[in-house]
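Engineer: The structure that follows is given in the form of structure tokens.
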Amino acid sequence: MRDPRDRSSLAGEDVVVIGGGFGGLSTACYLADAGADVTLLEKNEQLGGRASTLEAEGFRFDMGPSWYLMPDVFETFFGHFGRRPSEYYSLSRLDPHYRIFFKDGDRVDLVPDLETNRETFESYETGAGDAFDDYLRKSERNYEIGMEHFVYEHRDDLADFVDPDVLRYSWGLSLIGSMQDHVEDYFDHPKLQQIMQYTLVFLGGSPHNTPALYNLMSHVDFNLGVYYPDGGVGAVVDGIVELGAELGVDYVTNAPVTAIKGQRGGFKVETAAGDGDAAAGMAGVAADGAGDTAGASADAAIATGGGESYFPDLVVSDADYAHTEQELLAPRKRQYDADYWESRTYAPSAYLLYMGVEGDVEELAHHTLVLPTDWDEHFEQIFEDPAWPDDPAYYLCVPSKTDDTVAPEGHSNLFVLVPIAAGLEDTPELRSRYRELVLEDIAENTGVDLRERIVFEEEFCVDDFATRYNSMKGSALGLAHTLRQTAPFRPGHESSEVDGLYFTGSTTTPGIGVPMCLISGLLTAETMAESS
């Protein structure tokens, strides 16, 4: 993999990063390491963005991401700063990686041992073991070439993809067609197709609208492995926050930005009234509180609700891209109009139920998927004809299987996530009805009846994503990875209308997912260096 580009031109620049999700945290680290003076403003009471943590009554839940995939990306990220992930958190490889309950009564475990998985595939379909080997070889090649020459590289223009070097690297990659078409070339059995496609949930797509290139996720799944960061994904957030603090990043929480005005040499970014609590005490962060302007330049201003002001030279937004453009910028400063954002295909939202329950849930693994034998109807109710799914496919996470610190003794910690269409009507009555449907479905298809054992529960759904994260249409992830929303078809890292304004996070390249957001931080920092 190439060395990151020189970012020395950022030394001495005063930068404000808006939003403390993985994209914002990553960007802040790269900028601080390059010598910039970085302040990160976070709307909510804790850092991590969608990777928030819910703690109550002795239970601790990862509210968002709960899978630790692509460990090589984390190694590369920390390695840039001369560190290792193990200096900040520890990992446990899961066995099984995950369990699948099919709703016809079938059950399968996918495990770290490839030969065992190969035999599992062969048991469903004669010749599927060899097809499994071939599929993973293709997936590995796509991953290695894709990561080195596409994901870690700036490919923001269609012209980049007709460059001779790019054409040479892309020869033989699965660049066209859908994942459904691609998987059907290897496997006939619908259950094997589903096993190879479930990772599309992490990309916010369906088998029919996600490019075949994303078969690389099977290399991530089967070859690189599935891990659990002890303490949950929140421990990863804390580790990156700690790293940023060591590099000189200042963090301020409870600082929701309400407007970005001006441009390079004249920014004014306003925040709503709030208590401006600094993130003191979080993973070793030392912050002086909201509005500390020591050493700031007089070129631009960011005003907080308490009357304090920051004076940055540059601004990076890790807030929802559509929210930043439609709510924080004046109309003449927007790259895209409201029609553009309305016309996009959004990754699903989710109905989430966080539960603390009495006793064990032996039938469930740390990661468990419950899938209808035909899941096309569920995807249609997400992307084609939005509705609360009648026969949902869903995910159960039970971290207490691996980590005894996330639940009181004698209890289990678990949540259920049902992907649903972004923008769905979300009312207490609908949630109540769906809660009963989901709990009954869990009991029927896994043998675990939770209904009389729940001692703590909390819901999160479409309106909560929109309110807490300013997410367009309450999407849980952002723009889906459809063919028309991949690579150069995603919004860029640099504003074409506001000099000195940049973007990072899942809506930009390379896209959705914690590893991709970490890489987005690198690409944003490089874009800023090139423009300085």
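The numbers here are math on the coordinates, done by the rules we state, and not lab data. Quick caveat: nothing in here was measured; it's all calculated off a predicted structure. With ideal geometry, Cβ positions are generated from the backbone for all residues, glycine too; neighbour counts draw on all protein chains shown.
Engineer: Taking K138 as the anchor, which lysines have their alpha carbon closer than 23 Å to its alpha carbon, excluding any fewer than eight residues away along the same chain?
Structural biologist: Correct list for K138: K191.
Engineer: Within the chain, which complete DSSP H helices have Cα atoms spanning at least 18 Å along the helix axis and a mean Kyte-Doolittle hydropathy of -1.0 or higher? Please report the intermediate quantities before stating the final value.
Structural biologist: Numbers: long enough: 128-146 (26 Å, -1.23); 233-247 (21 Å, 1.39); 428-446 (26 Å, -0.89); 514-531 (26 Å, 1.00).
Span-like helices in the chain: 233-247, 428-446, 514-531.
Engineer: Determine the calculated [θ] at 222 nm for the chain from helices alone, applying -39500 (n - 2.57) to every DSSP H run no shorter than 4 residues and normalising by the residue count; nearest 500 deg cm²/dmol. Before the final figure, lay out each step's value.
Structural biologist: Numbers: 13 runs with 143 residues, N = 532.
Helix-only estimate at 222 nm: -8000 deg cm²/dmol.
Engineer: Something else now. Counting only residues 5 or more places away or on other chains, whose amide H sits under 5 Å from the amide H of L40 once H atoms are built in the peptide plane?
Structural biologist: Correct list: V17, D250, Y251, V252.
Engineer: Find out how many positive minus negative residues lie around I100, taking Lys and Arg as positive, Asp and Glu as negative, among other residues whose Cβ is under 11 Å from that of I100. Present the calculation step by step, with values, prior to reporting the outcome.
Structural biologist: On the way: positive: R99, K103, R107, K191; negative: D106, D109.
Once all neighbours under 11 Å are counted, the net charge is +2.
Engineer: In straight Cα distance, which lysines are under 26 Å from K473, not counting same-chain residues fewer than 8 positions off?
Structural biologist: K43, K261, K333
Engineer: Would you kindly give the portion of the calculated P(r) for the chain that falls above 44 Å, as a percent of all Cα pairs? It would help to have the intermediate numbers written out before the result.
Structural biologist: Details: 17546 of 141246 pairs.
The proportion of pairs with Cα distances above 44 Å equals 12 percent.
Engineer: Multiply the residue gap between L114 and R484 by 0.36 nm, knock off their C-alpha separation, and tell me the result in nm, one decimal place.
Structural biologist: Values: separation 370, 0.36 × 370 = 133.20 nm, distance 3.41 nm.
Here the answer is 129.8 nm.
Engineer: Give me the number: length gained by fully extending E458 to A11, i.e. 0.36 nm times residue separation minus the C-alpha to C-alpha distance, one decimal in nm.
Structural biologist: On the way: separation 447, 0.36 × 447 = 160.92 nm, distance 4.47 nm.
Working it through step by step, the gained length comes to 156.4 nm.
Engineer: For E440 and E75, what is the calculated FRET efficiency with R₀ set at 41 Å and r taken between the beta-carbons, to the nearest 0.05?
Structural biologist: Values: r = 43 Å, r/R0 = 1.04.
My answer for the efficiency is 0.45.
Engineer: Given R₀ = 35 Å, what would the calculated FRET efficiency be for R141 paired with D95, taking r from the Cβ atoms and rounding to 0.05?
Structural biologist: On the way: r = 26 Å, r/R0 = 0.76.
My answer for the efficiency is 0.85.
Engineer: Let me ask another. So if I take the centroid of the Cα atoms in segment 337-401 and the same for segment 188-233, what is the distance between those two points in Å?
Structural biologist: Segment 337-401 and segment 188-233 have Cα centres spaced 14 Å from each other.
Engineer: Hey, another quick one. Whole Å is fine, so just give me how far the alpha carbon centre of segment 37-101 lies from that of segment 444-498.
Structural biologist: Going from one Cα centre to the other spans 17 Å.
Engineer: Quick one: longest stretch of the chain between exposed loop GluC sites (Glu not before Pro), exposed meaning at most 12 other C-beta atoms within 10 Å and loop per DSSP? Provide the component values of the computation, followed by the final result.
Structural biologist: Values: sites that count: E45, E57, E362, E409, E425, E452.
Here the longest segment lacking exposed loop sites spans 58-361.
Engineer: I want the local charge near G177. Using Cβ-Cβ distances under 11 Å, sum +1 for each Lys or Arg and -1 for each Asp or Glu among the other residues. Show your work: numbers first, answer last.
Structural biologist: Details: positive: none; negative: D181, E184, D185.
Around G177, the charge tally is -3.
Engineer: Around E363, which amide H atoms from residues at least 5 apart in sequence, or from another chain, sit under 5 Å from its own amide H, with H modelled in the peptide plane?
Structural biologist: So E363 has HN proximity to no qualifying residue.
Engineer: Another question, if that's okay. Under a Cβ-only charge scheme (Lys and Arg +1, Asp and Glu -1), can you give me the dipole magnitude of the chain about the Cα centre, in debye to the nearest 20?
Structural biologist: Values: 36 positive and 94 negative charges, 239 e Å.
Around 1140 debye, computed over the chain.
Engineer: If the chain between T405 and D499 were fully stretched, how many nm would it gain, using 0.36 nm times the residue separation less the Cα-Cα distance? Let's see the in-between values first.
Structural biologist: Details: separation 94, 0.36 × 94 = 33.84 nm, distance 4.71 nm.
Stretched fully, the T405-D499 segment lengthens by 29.1 nm.
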